[in-house]
Amino acid sequence: MRQLQGMDASFVALETRNSPMHIGSILIYNPATAPGGFVRFKDILRFFESRLQLSRTVRQRLVRVPFDVDYPYWVEDEHFDLEYHVRHLALPKPGDWRQLCIQAARIFARPLDLTRPPWEFTVIEGLDNIPGFPPGCYAMVTKVHHAAIDGVSGIDLLEALHSLMPEPPPLNQADSWKPEPVPQPLALLSKGLLHAAINPFRQVEVLARAVPGIARAVGGLAKRDFKVHGEMLAPRTRFNAVISQARVVEGRRVPLAGIKAIRALSPGAKVNDVFLAIIGGALRRYLLAKEDLPDKTMTAMAPISVRSSGEKNDMGNQVAAMIAPLGTHLADPGERLRYVHQQTTNSKAMSDAVGARNLTEMSKVSPALLMALAAQLYSRLGLANRMSPIFNTVVTNVPGPPVPIYSAGARLESMMGLLCLTDGLGLGHVVQSYCDEATITFTACRELLPDPEFYAECLEASFHELLAAAMAAPAEPAPAAKPKRARKKV
């Protein structure tokens, strides 16, 4: 039995019918590489069952402490049933991309059953009319509660349920998993009250460890290593309101080489800066069409992984965050990328000064009861419609495997990420890379973004606009070679 940490517990506290707190993916597979050229549903079940021991996530369920006086616990579920968690359906003809997105949105809108291990995978057959994929492909829509994984540990789960070859050898690792009985409520309550009593001392300890980072931040601000300015404050937009239960999902695939080529518009820019600039351009196009573009730049929250190599397979979230202005007020694509690069450099310097890990550690000592009450009040009072947003959207970058991977023999052709939403955050983006492609996917409240195809077109147009600007830009001259020193004769 293991207890959740503060950030993980916050995702449980935020869970409502309209805001299910799971993240996931749309994965598309080509069965041509499998034995016989096809994959049956029972093959997928058998493959998953043979690899369950590689993931700590899949067989653990949540147990909440009475009255939420303390963080919940993970226990090994004695009633684990793989066939409950892996489902199966087929699209009607013609089996096109829009049908898949609609079905994925419906699946993703439904909350998970938190009395069971909080994940579901839905296999969707009938993908016969999607450009770029051969007929006969199938998809898998994954849902895993955000309390269990962040983007990096989600990739670890993905790797556990995939192999590097179509027919991998049997695992050497024996499955030593054992179920656990559910702890008694009175015992959990007693332990929770004790933790609540000693929590102020833990808070003092964490604050003491954070003091050097705060001092560095103050010093860095005084020396102008970074700036705190008004452009980091988000304007109110149509996406920052109370959300409904309905969802839309959409996305686009682009060449990863194109993303890398765009970096030349701003020397030193990172791949993530390019993604942010693309999304900034897409939001600008979309809101201009709606005559609803704010005068000042919109901002995104960009999660930063602070997971160490020793925590690679741990459950839960090890992330901090930075605010990234998106340059939506700038019409020129190259100027927008340079602006985004400058702003993310500033935000990273600020995060480094404070210590991103310190921010994560502080979340682990937040009082559980107060956190749960605050989350529920925020939702029930509709405060998202009254308060200024901290940021306008989320852009999370999840690097995928650079080589092909396989599930039940079928090659993974494409992967697109899906996000949870909350009141005040009606639009979120996941950017991913896999082999030689990059994907930009968004999840949105259907009432706040009723035309997902149009916004997806805005994303694609923004990418091509930046790529055209990069191709038209004059190449920088190569640095002059240093003259070789003449060797002295002895």
Q) Are any of the residues in the range 77-96 touching a Ser or Thr at 6+ places or on another chain (Cβ under 7 Å) and touching a residue at least 24 places away in the same chain (Cβ under 8 Å)? A) yes
Q. In the range 322-361, how many residues are under 20 Å from A282 (Cβ atoms) and at pLDDT below 70?
A. 0
Q: Test each condition in (1) assigned to a loop (DSSP other than H, G, I, E, B); (2) at pLDDT 95 or above; (3) loosely packed, with under 15 Cβ neighbours inside 10 Å for A257 and report the one that comes out false.
A: (1)
Q: Return a yes/no flag: does the range 117-138 have any residue that is closer than 30 Å to A32 by Cβ, small (G, A, S), exposed (fewer than 15 other Cβ atoms within 10 Å of the Cβ) and touching a residue at least 24 places away in the same chain (Cβ under 8 Å).
A: yes
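Quickly run through the range 362-408 and pick out the residues that are basic (K, R) and at pLDDT below 80. Walk me through how you get there before you give the answer.
If we filter the range 362-408 for residues that are basic (K, R), which is where we start, we get 364, 380, 386.
Within the range 362-408, K364, R380 qualify.
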Q | Lone unmet requirement of (1) among the β-branched types (V, I, T); (2) more than 28 Å from the chain's Cα centre (by Cα); (3) modelled with pLDDT under 95 for V39 | A | (3)
(Q) Take the conditions buried (at least 20 other Cβ atoms within 10 Å of the Cβ), of a type outside the set (A, V, I, L, M), in contact (Cβ under 8 Å) with a residue 60 or more places away in the chain and under 21 Å from C137 (Cα atoms) and apply them to G424. Does it pass? (A) no
Q.
Restricting to the range 370-409, give me the number of residues that are out of contact with any helix residue (DSSP H, G or I) (no Cβ under 9 Å at 6 or more places or on another chain) and closer than 30 Å to S50 by Cβ.
A. 2
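Take A461 and decide whether it is part of a helix (DSSP H, G or I), more than 25 Å from V123 (Cβ to Cβ), in contact with a Leu (Cβ under 6 Å, 6 or more places away or on another chain) and at pLDDT 95 or above.
Numbers: part of a helix (DSSP H, G or I): yes; more than 25 Å from V123 (Cβ to Cβ): yes; in contact with a Leu (Cβ under 6 Å, 6 or more places away or on another chain): no; at pLDDT 95 or above: yes.
So A461 fails the test.
Any idea which residue in the range 16-39 is surrounded by the most Cβ atoms within 10 Å (Cβ to Cβ), counting only those that are in a loop (DSSP other than H, G, I, E, B) and touching a Cys at 6+ places or on another chain (Cβ under 9 Å)?
Per the criteria, the residue is P20.
Provide a single number: the residues in the range 434-447 that are more than 26 Å from S50 (Cβ to Cβ) and buried (at least 20 other Cβ atoms within 10 Å of the Cβ). Lay out the reasoning, then the answer.
Let us first name the residues in the range 434-447 that are more than 26 Å from S50 (Cβ to Cβ), namely 436-447.
When the remaining residues are screened for being buried (at least 20 other Cβ atoms within 10 Å of the Cβ), the result is 438-445.
The total comes to 8.
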Q | Criterion (touching a strand residue (DSSP E or B) at 6+ places or on another chain (Cβ under 7 Å) and either under 22 Å from S190 (Cα atoms) or modelled with pLDDT under 95 (or both)) met by exactly one of Y29, Y73 | A | Y73
Q. Here are some conditions: (1) in a loop (DSSP other than H, G, I, E, B); (2) at pLDDT 95 or above; (3) more than 20 Å from the chain's Cα centre (by Cα). N172 meets all but one. Which one does it not meet?
A. (2)
Q: Look at the range 54-70 and say how many of its residues are touching a Leu at 6+ places or on another chain (Cβ under 8 Å) and polar (S, T, N, Q).
A: 2
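The values are calculated or read from the model by the stated rules, or taken from the named source; none is laboratory data. Here the structure is a predicted model, which is why all the values come from computation and not from measurement. Neighbour counts are summed over all protein chains in view; Cβ atoms, including those assigned to glycine, are modelled from backbone coordinates with ideal geometry.
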